Structures are given as C-alpha cells and as structure tokens.
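The values are calculated or read from the model by the stated rules, or taken from the named source; none is laboratory data. Keep in mind that what you see is a predicted model, and the values were worked out from it rather than measured. Note: ideal-geometry Cβ built from the backbone for every residue, glycine included; neighbour counts use all protein chains shown. Please note that ligands, DNA and RNA were not included when accessible areas were found on the heavy atoms of the full protein model with its side chains. Shrake-Rupley method; radii C 1.70, N 1.55, O 1.52, S 1.80 Å.
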Amino acid sequence: MDYLQRSIESVEKGSEFLMNYQITNPDDPNFGGYYSKGFGVVAQNCGASAGSLIDLYFCPGSKYYRDPKVLQCADGLVQHLRNHLHEDGTVDYFCCNFHSAPDTAFVTLGLAKPALLIDAQTDEERAFKEKLFDTLRHMGEALIHEGFHTPNHRWVISSAMSLLNRLMPDRRYIDRINEYLAEHIDCNEDGEFAERSAGGYNEINNRAMLLLAENLNKPELLEHVRRNLTLMRAFIHSDCSIFTENSTRQDKGTAPYAEKYAYQYLLCGHALKDRELQSIGVFLLEDCVKNGRPFPLSIHDQLLYPEAFKNLPEPADKNVFMVDRLLKGSGLLRLSRGGMNLWVVEKLPIFLFLKKNNIDFYIKGGINFFNCRHLLVEDIHEGGDGSYEMNYKGEGCYLQPFGEYQGTADWWQMDRSKRKTSGHLEITVTINIKPMENGFDVRVRTEGCPGSTIRLEIGVKPNVLVRGEGYHIPATAGGKLIAQKGELTLFDGADTVSIGPAFAANDIVSGLFGAVPPSDGRFNIFFNDVTNFDHTFSIRAK
C-alpha cells in the first residue's frame, strides 16, 4: 500500500476546499480565513490549516507541488492568523479559552512541523517563510511566558517549543521545557495518562512525547509512549473503535476510531525497533482503508521520517486487541472472551459495558435505599478463582432533633454535622464477574437491610432483535422490557449474544429523584429483585 500517495490524495481534496472558499477580499475583516460550519471564521482553525498546504507545496509527489495558488492560499491563512494574534502572542479559542497559550501551542504544532519541509528558493517562498517564522516566533513568546489549564497542555506547549527551538534556536525554549519536565510525566505504570482519555488526549500526549524525545534527544520519553500504546490494546475493540467511558474529558461516551494512533505505533515502533507495535499500526491503517474512513497519516511525517514507513511487518491479527487488563490505578477492568469485550468502571452508575461487533450494551446498577441511587462499585480486585470482584455499600439513617435553637431557622444554614442520628442501616452488594469460554458469568449478591429493590438496567443499542421465551421484540430507542425469567438473546443478523436467566420481582424500572433515568436512546431491559438475594446470570456469545 502506498501510504504517501493516499495521504497526498486525501490532503489534496481538503486543500481544494480551502482554495475555493478562502475569503480573498482584502477589505473583509476575515481576509485570508475561511468559513467552517459550526465554528465560523476562527483564526485558530484557519492558521493551523496552512500546515496541510505547506505539506502539499513542498511534496514532489503532489499535483500542487510548488503551485503558486497553494502558496498564496497558505500565505492568506497565515496572514489571517497574524491579524488575530494578541499582542502577547496568544490566540483565542473562540468558544471558551481567551489569550490561550495551550491553543496557541496547538496552532504552533500544526504549522511548525510542516515548516521543517520548507526549502525556500524563490522570492515568494522566502517572503512566505519569513512571515511564517515571524508568526511562530511571536506565538513562541506566549508559550514561554503564559500558562495552561489541563495536564496534557504542559506537553503540548513543551513539544511546540521543542519544534520552535529546532526551527529557530532559543535557549529560553529549552529552559521553559525543563520547567515542565521537572514535574515528571503523568503516565502511570499501566501506561495511562492522568486524564484517562483514550479517545482524545492519549494521542495528544503521545504525539508530544515523540516530539520531545526527538527534538531534545531524550529517548527515555519513548517508554511512556510504548506503555500507553500497549495499554491502548485494552481500549480498542475488534472493529477499531475506542472505549472511552472512563475518560475524564470530552471524549467520554464517544466511539472514535483508533487509526489516529497508527502513525504513533509506526514511529514509536521504528524508534524502539518494536515490530509488534509496527504491526498494530499497519493493522489500523489497513482497517481504515478497508472501511473507507479518512486516511490518517500526514504528508510531513512520511517525508520527515521515511524509514519509519518502509519495510513494515504484516498487519497484526485483530486478536491483538482481545486482552485482559485490570487497571487498579484507574478503577477499570477489561476482559475479552468469545469475541466480546467487557469493561467495568468504578464509581459510575453505568458500571459494565459490553461490545461484540455491532451488538453493544451496558448495565446500570440501581438501588432504592434512603439517598442511595446507584451501585457505584469500588475496589475491583481478583477473586481468587479466575474471577473479578467489586463491592458497593449503601447506608441510610434518620436525623434526631437538636433540641435547642441553632441561631437560625434556615435549614440550610444549620450545622448538620452536629445533628445526632439513629436507625443506621446498610446494604452491601458484591458483584463477581468470572470469564468463561465464550463469555462471562455475573453473580450479584446482597446482604443487609431486607426489602430494598435493586435493579440492573441493560441498555441495548437499538439495532438488534430481542428474543425471549415466547416473544421476539425489535429493540427500539426508549423501549422497556421487564424480563422475569428465562434466557434472552440479542441478534443483529450476524452475531448473537445471550443473557440469562433473567429475574424480576416487581415492576420498578426507574430510580428515585436524582437517579439517572433509563436511556431514551437505547432499549432498556430490566432485571430486579429485593434484598436479600443471590443471583447469577451468564453473558455468552452464541
């Protein structure tokens, strides 16, 4: 597969949009920019877009190689960025961040790496290079002096400065980077970064580590990338979508595809001579092409590091993503059996997620007990027989009167920590998940106060037929089914997953005030019982 040619064709299509829709009227305040649906004309986006045009202009294989209209378009985009930079060198992220060094760093990364390709030979090319480098230098001042919001911003800013130092050396860049590096890298032993963002910021952090390792001659930083890319196998499903439900960032609940990590598997694998990493990168690229998704490799990476994209191994088998991992530091369990991937996440109402190709469901744990609303499981640990165990404790009590005036009649102003309580009650729930040959056994047992309803809400993606004893029901968004007995199956026309035996002691299908309601976007199947009970049901790939 000719990766470079695929990248060129993909970038050429995008560049044609820029050239056709760029605002070219010099009297327009948005001169040089372009309108993007959902954003408007945003200097941050417009400035970074110039990077793809630089790639094309200096790529001999492109039909736009040294085409004057491409250079003119890139020049306009850079000019638009310059027109909207603040005096301190920062750019605004229009929807929330103003005078933002982190967003300035993202734009810098989008421009500075393609800038390594610039080979200025004509007056026009030299003038463009001077404008671009002057703009980068101005933004570099912001990176040296201004601050950040989130953990990944440290590495985004640092890696951007490492590129600027490569283009136009300045000791202040290195000194500022060293201040950030003195905090050490927030990548734990499992390979997970602080923000737990498999769908977003893992890729951004890895990108930064690759740049810092190269530009600062710190190959030890590649070990963080290796650990994270190895960990990512536990987040990537066999269809190459990414599990994001434990993320603390905006990718949570999304299902992006993993090919954006492909270049990292290839570059890191090449640098560390790790053929397994490279083979995973090849697999992700081939799956991307096979399924018609946008090709993710940049032109500049392939031109700057050609050896990393040559003599590659055969693609990994998709079973490379069928792994078991218990991430204690992140409160996450991943298990794979029978072509199914299962995740358990601590301290969330929806605590179990399962996916087999297009069959996709979760289990939410609910409890109606005093102010307790959901089974927020904790302490996932090995159960000793190949199983994994997790626990929940719900507590309730009653308040006693103070017996004297508290200085206020305002309930909310009273010091409730001083109020005596009585009638202390509790319920403990233990959930045990045991991997089996073609799936999992799930045991739920309770102890404590009797009579409280505990329910399991199985939220099924509405693309299946639900089959049970005496019925077939098309799963519809927002639909509800109380399953009292027997086995039910989910069938999508290709795969079948069975769940059961079901159990239901009553018709309660929602929690009390403050509980997360059943999903309007999924078909909701309910198992429930009142404490105390001990039920085991299986999940099997058929």
(request) Take the residues in the stretch 490-508 that are in contact (Cβ under 8 Å) with a residue 40 or more places away in the chain and buried (at least 18 other Cβ atoms within 10 Å of the Cβ), then tell me which one is farthest from residue 430 (Cα to Cα). (result) 490
(message) For the stretch 189-204, which positions are within 17 Å of the chain's Cα centre (by Cα) and more than 13 Å from residue 260 (Cβ to Cβ)?
(response) 190, 191, 192, 193, 194, 195, 196
(request) Write out, first by first residue and then by second, each pair whose Cβ atoms fall under 9 Å of each other, whose residues are 6+ apart or on separate chains, and whose first residue, in the stretch 55-69, is at positive phi while the second is assigned to a helix (DSSP H, G or I) and open to solvent by 50 Å² or more (accessible area, probe 1.4 Å). (result) none
(request) Confirm whether residue 469 is closer than 30 Å to residue 340 by Cβ, touching a residue at least 40 places away in the same chain (Cβ under 8 Å) and open to solvent by 50 Å² or more (accessible area, probe 1.4 Å). (result) no
(request) Could you tell me whether any residue of the stretch 445-453 is touching a residue at least 60 places away in the same chain (Cβ under 8 Å), within 30 Å of residue 381 (Cβ to Cβ) and surrounded by 20 or more Cβ atoms within 10 Å (Cβ to Cβ)? (result) yes
(message) Any residue at all in the stretch 255-270 that's at pLDDT below 95 and either surrounded by 24 or more Cβ atoms within 10 Å (Cβ to Cβ) or not β-branched (Val, Ile, Thr) (or both)?
(response) yes
(message) Quick test for you: out of 277, 376, pick the one residue that is surrounded by 15 or more Cβ atoms within 10 Å (Cβ to Cβ), in contact with a Cys (Cβ under 8 Å, 6 or more places away or on another chain) and either touching a residue at least 60 places away in the same chain (Cβ under 8 Å) or not in a strand (DSSP E or B) (or both).
(response) 277
(request) Sort out which residues of the stretch 87-131 are open to solvent by less than 10 Å² (accessible area, probe 1.4 Å) and assigned to a helix (DSSP H, G or I), and write them in order of number. (result) 101, 102, 104, 105, 107, 108, 111, 112, 114, 115, 125, 128
(message) Anything in the stretch 287-302 that is surrounded by fewer than 15 Cβ atoms within 10 Å (Cβ to Cβ) and either in a helix (DSSP H, G or I) or under 20 Å from the mean Cα position of the chain (by Cα) (or both)? List them, or say none.
(response) 289, 290, 293, 294
(request) Please tell me if residue 385 is in contact with a Lys or Arg (Cβ under 9 Å, 6 or more places away or on another chain), outside any strand (DSSP E or B) and not β-branched (Val, Ile, Thr). (result) yes
(message) So, residue 46, is that one open to solvent by 50 Å² or more (accessible area, probe 1.4 Å), under 25 Å from the mean Cα position of the chain (by Cα) and without any contact (Cβ under 8 Å) to a residue 60 or more places away in the chain or not?
(response) no
(message) Quick check on my filter: what residues within the stretch 254-288 are under 12 Å from residue 316 (Cβ atoms) and aromatic (Phe, Trp, Tyr)?
(response) 265, 283
(request) Go through the stretch 239-263 and give me each residue that's under 18 Å from residue 346 (Cβ atoms) and β-branched (Val, Ile, Thr). (result) 244, 248
(request) State all residues of the stretch 394-426 that are open to solvent by 70 Å² or more (accessible area, probe 1.4 Å) and at positive phi; if no residue qualifies, say none. (result) 403
(request) With respect to residue 514, determine if the residue is modelled with pLDDT of 95 or more and either of a type in the set (Asp, Glu) or within 25 Å of residue 375 (Cα to Cα) (or both). (result) no
(message) I'm checking my understanding of the structure. Among residues of the stretch 341-354 that are in contact with a Phe, Trp or Tyr (Cβ under 8 Å, 6 or more places away or on another chain) and of a type outside the set (Phe, Trp, Tyr), which one is surrounded by the fewest Cβ atoms within 10 Å (Cβ to Cβ)?
(response) 350
(request) For residues that are farther than 15 Å from residue 242 by Cβ and in contact with a helix residue (DSSP H, G or I) (Cβ under 8 Å, 6 or more places away or on another chain), tally how many sit in the stretch 288-302. (result) 9
(request) Name the residue, out of 11, 41, that is within 34 Å of the chain's Cα centre (by Cα) and surrounded by fewer than 20 Cβ atoms within 10 Å (Cβ to Cβ). (result) 41
(request) Would you tally the residues in the stretch 303-315 being in a loop (DSSP other than H, G, I, E, B) and among the aliphatic types (A, V, I, L, M)? (result) 1
(message) Step by step: first the residues of the stretch 404-444, then only those that are polar (S, T, N, Q) and touching a residue at least 40 places away in the same chain (Cβ under 8 Å), then the one that is nearest to residue 376 (Cα to Cα). Which residue is that?
(response) 430
(request) May I ask you to verify whether residue 520 is open to solvent by 60 Å² or more (accessible area, probe 1.4 Å), more than 26 Å from residue 322 (Cα to Cα), touching a residue at least 12 places away in the same chain (Cβ under 8 Å) and in contact with a strand residue (DSSP E or B) (Cβ under 7 Å, 6 or more places away or on another chain)? (result) no
(request) Looking only at the stretch 388-403, count how many residues are in a strand (DSSP E or B) and free of Cβ contacts under 8 Å to residues at least 60 places away in the same chain. (result) 11
